[in-house]
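I have placed the structure first, in the form of structure tokens, so that the comments after it can refer back to it.
The values are calculated or read from the model by the stated rules, or taken from the named source; none is laboratory data. All figures in this text were calculated on a predicted structure; none of them were measured in a lab. Cβ: placed from backbone, ideal geometry, glycine included. Neighbour counts: every protein chain shown. To get the accessible areas, we keep the full protein, side chains included, count just its heavy atoms, and leave off ligands, DNA and RNA. Shrake-Rupley method; radii C 1.70, N 1.55, O 1.52, S 1.80 Å.
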Amino acid sequence: MSLTYVIPDIHGRNDLLCDGLAEIAAHSRGLPGVIVTIGDYVDKGPASKEVVDRLLSGVGEGWSLVSLKGNHDAMMVEALRNPSKMVAWIAKGGDAALASYGGDPAAVPHAHIDWLDGLRLMHVDAHRLYVHAGVDPEIPLDRQGEATLLWKRYPKGFAGGYGTLHVVHGHDNSPDGPLLYEGRTNLDTLAWRTGRLTIGVFDDVRSGGPVDFIMIRGAPAER
């Protein structure tokens with residue numbers, strides 16, 4: 001069985017990411033597959049730098065890692081390249097990301113900025129579309145706007161996907177989730193704050209939603 005594992009919004013929780021990758025390796029029983037990370041690696045949590053370093057180091061021989069861009073990743077790049085954006089980024093959790101680099105914007109490695117900037121906006125396989133926030137079901141994929149892909153919030157209870165493709169996303173957190181609908185799965189359970197990361201497991205030859213979940217539990221954020 002070929003499987004795709006989807007890791008949602010990490011937001012600087014390198015502890016949860018590392019535990020998640022270890023549990024994926026155990027779940028796969030030595031059969032490598034695809035890991036899709038659907039963005040928001042930075043901000044809010046304490047270890048943005050470490051998260052980026054960990055993903056840059058790869059996920060193991062034979063595995064395919066597909067890392068997508070989230071809105072917070074885009075905001076960090078914009079702020080570091082355009083100081084006029086710095087205040088807005090800091091207000092949305094960028095202070096925590098900056099602290100992980102020692103507090104100096106100049107200390108953020110160019111390799112990290114370039115990696116975040118160059119991340120893909122979506123990934124499509126035979127049965128599913130993976131994206132950080134969502135897609136407009138009425139617009140062709142090659143015409144989807146970046147703002148939609150990074151910032152969209154679906155109407156509450158919206159069950160549609162994208163044509164025959166099941167949409168897998170995060171961004172719109174639901175601490176009691178994940179949220180499962182006929183046409184889409186929202187995996188974001190506010191892991192950086194709750195300490196509960198939900199990794200979706202999808203069968204590559206079977207359409208629809210997840211066939212399993214890997215639940216990673218760590219300490220909740222200090223209030």
Exercise for the section: Considering every residue within the stretch 175-192, establish whether at least one is among the aliphatic types (A, V, I, L, M), in contact with a Gly (Cβ under 6 Å, 6 or more places away or on another chain) and touching a residue at least 40 places away in the same chain (Cβ under 8 Å). Expected result: yes
Problem - Wholly within the stretch 63-119, helices (runs of 4 or more DSSP H) carrying at least 3 residues that are more than 20 Å from D53 (Cβ to Cβ) and at pLDDT 95 or above - result: 71-81, 86-89
Exercise for the section: Please list, ordered by first then second residue, the pairs with beta carbon atoms under 6 Å, 6 or more apart or interchain, first in the stretch 199-223 and in a loop (DSSP other than H, G, I, E, B), second open to solvent by 80 Å² or more (accessible area, probe 1.4 Å). Expected result: G209/L180; A221/R193
Problem - Failed condition for A147, given (1) among the small types (G, A, S); (2) without any contact (Cβ under 8 Å) to a residue 24 or more places away in the chain; (3) assigned to a loop (DSSP other than H, G, I, E, B) - result: (3)
Exercise for the section: Look at the stretch 37-59 and say how many of its residues are in contact with a strand residue (DSSP E or B) (Cβ under 6 Å, 6 or more places away or on another chain) and either aromatic (F, W, Y) or crowded, with 24+ Cβ neighbours inside 10 Å (or both). Expected result: 3
Exercise for the section: Being closer than 15 Å to G58 by Cβ and surrounded by fewer than 18 Cβ atoms within 10 Å (Cβ to Cβ) is the filter; apply it to the stretch 18-36 and report the residue that is modelled with the lowest pLDDT. Expected result: P32
Problem - the stretch 180-198 - residue that is assigned to a strand (DSSP E or B) and among the polar types (S, T, N, Q) and, of those, nearest to G12 (Cα to Cα) - result: T198
Completion exercise
Given the conditions (1) open to solvent by less than 50 Å² (accessible area, probe 1.4 Å); (2) assigned to a loop (DSSP other than H, G, I, E, B), every one holds for P175 apart from (1)
